[in-house]
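> I have a structure here, written as structure tokens, and I will follow up with some questions on it.
The values are calculated or read from the model by the stated rules, or taken from the named source; none is laboratory data. All values derive from a computational prediction rather than experimental measurement. Cβ placement follows ideal geometry from the backbone for every residue including glycine, while neighbour counts extend to all protein chains displayed. Protein only, heavy atoms only, side chains kept; ligands, DNA and RNA dropped before computing areas. Shrake-Rupley method; radii C 1.70, N 1.55, O 1.52, S 1.80 Å.
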Amino acid sequence: MRFLSERGYQALTLSEAVHVLQNQEIPTPANTSAASGQQHAKVVITFDDGLRDFYSAAFPILEKFGFKATVFLTSGMIDNTFLTGNECLRETEIRELAAKGIEFGSHTVSHPQLHDLSCDEIVHELANSKKQIEDVLGHTMTLFSYPYRFPEGDINFTKMLRNLLLEQGYLMGVTTIIGRTKSSDNPLFLKRLPVNDCDDMPLFQAKLEGGYDWLHGFQLASKKIRALIFRLKADAYNVQSNY
């Protein structure tokens, strides 16, 4: 966060960033150069799962640097523990963070692999998480983060998911697709850059400047190969079962 701050990056919420991508105006930030009319580079800082350490550890750092963020909640685990046993955010903490500018979205109810669910089960995860989070926030919520690896190679599934998200009132979302987001990207399936404590500053800077985007090609190829192997194994099992 210090690196971003020292280099003049402006941290937007996801909804603000999508508005920028769609050429809609947002309030002029304090670090905009009035003389040149130019704005500094923009980033969106996102957190999945809704773990409680966002409140205790991450938010104080964000607040120190004046950065916003978007947090995606696994709604069925609010006031409880996550699949890993980690504590999740409490309702009171979510409302407090929202009042301080943190944006919230859905990460489903139970954090399943949606690709393995029926259409009705997916609707349950989308609709109920949206309602539960809106009940906590007291206002409409339209953001979604896909749990686990995003199956971008399955065109039929992604088309179905897009329609279901729109039907349930979602307008924007993020995935595990690697890369920086462009205005031509589907606002429901935006790319992200993974960042963790193994990243040194040169690697972090390279990611911000596009030096990591090329990995998406390998990521997509890997997904297609895994899907093909899965289908071949399934076909072999079906043939064997018919003997």
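> In terms of modelled amide H atoms, which long-range or inter-chain residues lie less than 5 Å from the amide H of Gly179?
Sorted by chain and number, the residues that satisfy this are Arg192, Leu193.
> Any idea what % of Cα-Cα pairs in the range 85-132 are farther than 14 Å?
Working: 671 of 1128 pairs.
Tail of P(r) above 14 Å: 59 percent of Cα pairs.
> Just to verify a number: FRET efficiency for Asp213 and Ile61, C-beta to C-beta distance, R0 = 25 Å, to 0.05?
Numbers: r = 26 Å, r/R0 = 1.05.
For Asp213 and Ile61, the calculated efficiency is 0.40.
> Separate question: Counting only heavy atoms of the protein chains, get the accessible area per residue of the range 29-156 (1.4 Å probe) and round it to a whole Å² value. Before the final figure, lay out the partial values.
On the way: 6150 Å² over 128 residues.
In whole numbers, the range 29-156 has 48 Å² accessible per residue.
> Between His115 and Leu137, what is the label-to-label distance in nm when each label sits 7 Å out along the Cα-to-Cβ direction?
About 2.8 nm, to one decimal.
> Length gain on complete extension for the stretch Asp53 to Thr81, per 0.36 nm per residue less the alpha carbon to alpha carbon distance?
Details: separation 28, 0.36 × 28 = 10.08 nm, distance 1.17 nm.
Here the segment from Asp53 to Thr81 would lengthen by 8.9 nm.
> Please report, in cubic angstrom per residue, the volume enclosed by the convex hull of the alpha-carbon atoms of the range 66-109.
Working: hull volume 3.1 nm³, N = 44.
Value for the range 66-109: 71 Å³ per residue.
> Right, another one. Which far-off residues, 5 or more places away or on another chain, put their amide H under 5 Å from the one on Asp49, with H placed in the peptide plane?
Amide H neighbours of Asp49: Phe72, Thr74.
> Please list Lys191, Lys42 in order of solvent-accessible area, largest first, computed with a 1.4 Å probe with all protein chains present.
Working: Lys191 40, Lys42 70 Å².
Ranked from most to least accessible, the order is Lys42, Lys191.
> Any idea of Glu103's accessible area? Nearest 10 Å², probe 1.4 Å.
Here the residue's solvent-accessible area equals roughly 30 Å².
> Cβ under 13 Å from Gln132's Cβ, Gln132 left aside: what net charge do those residues give with Lys, Arg +1 and Asp, Glu -1?
-3
> Let me ask something additional. Heads up, I need the accessible area for Leu203: 1.4 angstrom probe, whole protein in place, Å², nearest 10.
70
> On to the next question. At 1.4 Å probe size, with no ligands or nucleic acids counted, give the accessible surface of Lys68 in Å², nearest ten.
Around 80 Å² of this residue is reachable by solvent.
> Report the calculated FRET efficiency for Met201 and Met160 (r = Cβ-Cβ distance, R0 = 30 Å), to the nearest 0.05.
About 0.15, to the nearest 0.05.
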